[in-house]
Amino acid sequence: MFLNLLVLAFMMLLSLLSVAFLTLLERKILGLIQFRKGPNKTGFYGVFQPFSDAIKLFTKEFNSPLKINFYPFWLSPVISLCVSLLLWVVFPYFYIVMSWSYSILFLFSVMSFMVYPLMSSGWFSNSLYSILGSIRSIAQSISYEVSFFLMIACLLFFTCSLTLIDFIKYQSEILFIFFTFPVFMMFMVSLLAELNRTPFDFSEGESELVSGFNVEYGGFGFAFIFLSEYLGILFSSMLLCIFFCVGTYMNYLFCFKLVLISFMVIVIRGSLPRYRYDKLMDMCWKSYLCAILMLILFYSSLVF
């Protein structure tokens, strides 16, 4: 038991380390898109830039805004990071540290909980911009969770199992993406909406909300929110790989697919403008929900 917990802690530490290089990759790609170099001074081609940024954030002067609710305000980023780390428990590690029959149900529960730290960050900041950003984020996340979970239900018809390992076994011969491509495309867009990433980054709309729900945060509070956001990107990329195009895992091809999906998320940020909020909600309730209900009927008829 102790060894399992030790391996799990080591895996989570490596996932936090991978966030550092994901941020470096993002800054490099955005630099290329915008015809500039990006970080290139700290270390070899800027490799140590994420670590210097982390040192800067964690050593900043501790400033506490006057009108915040102190303890919930500073506890929210910590909860956000803990929830993002807890998601990685369901990953089918090579040593099968913690895998059980209903891991996808656990995944649903934890992903549903991720909206609460966002809400409390905005609410307890007692700032108009923060509250507006958190309200947007709550409505957006709750709306897309409905269609998001129904998309996974489409895939469960093929595996009849609630463990991620079975998705890997069933795709050893043929990948699910070949006959569930519409679900894959909707799944990708729904993940962008769940992660509050461009073009659906309404909780952090710089043009109208300054920095959205995290406008009052600095230092370690902002660092924790930042880490939880990028851990979410990596975890969502991993989910997309396992659900649709895993084939085999624990090899370089799986890592390449994961990095490729993260690369697509970054390129979308650098190339697409922000969507309109009412159109985002219309797309969820009027388009995606209807389409996914029809697809559920279609795939259930194929299987049964």
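The values are calculated or read from the model by the stated rules, or taken from the named source; none is laboratory data. Since this is a predicted model, take the numbers as computed values, not measurements. Here Cβ is always computed from backbone atoms with ideal geometry, including for glycine, and neighbour counts include all displayed protein chains.
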Residue check, Arg269 surrounded by 12 or more Cβ atoms within 10 Å (Cβ to Cβ), under 19 Å from the mean Cα position of the chain (by Cα) and part of a loop (DSSP other than H, G, I, E, B): no
query: In segment 34-66, which residue that is surrounded by 13 or more Cβ atoms within 10 Å (Cβ to Cβ) and of a type in the set (Val, Ile, Thr) is modelled with the lowest pLDDT?
result: Thr42
field: segment 16-47, residues that are touching a helix residue (DSSP H, G or I) at 6+ places or on another chain (Cβ under 6 Å) and not polar (S, T, N, Q)
entry: Val19, Ala20, Leu22, Leu24, Glu26, Ile29, Leu30, Ile33, Lys37, Gly38, Pro39
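Across segment 174-196, what is the number of residues that are of a type in the set (S, T, N, Q) and either within 14 Å of Ile292 (Cβ to Cβ) or touching a Cys at 6+ places or on another chain (Cβ under 7 Å) (or both)? Full working, then the answer.
Within segment 174-196, the first condition is being of a type in the set (S, T, N, Q), and the residues that meet it are 180, 190, 196.
Then drop every residue that is not either within 14 Å of Ile292 (Cβ to Cβ) or touching a Cys at 6+ places or on another chain (Cβ under 7 Å) (or both), which leaves 180, 190.
Looking only at that region, the number is 2.
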- request: Report yes if some residue within segment 233-241 is assigned to a helix (DSSP H, G or I), surrounded by 13 or more Cβ atoms within 10 Å (Cβ to Cβ) and β-branched (Val, Ile, Thr); otherwise report no.
  value: yes
Residues located in segment 46-61, provided they are in a helix (DSSP H, G or I) and in contact (Cβ under 8 Å) with a residue 12 or more places away in the chain: Gly46, Gln49, Pro50, Phe51, Asp53, Ala54, Leu57, Phe58
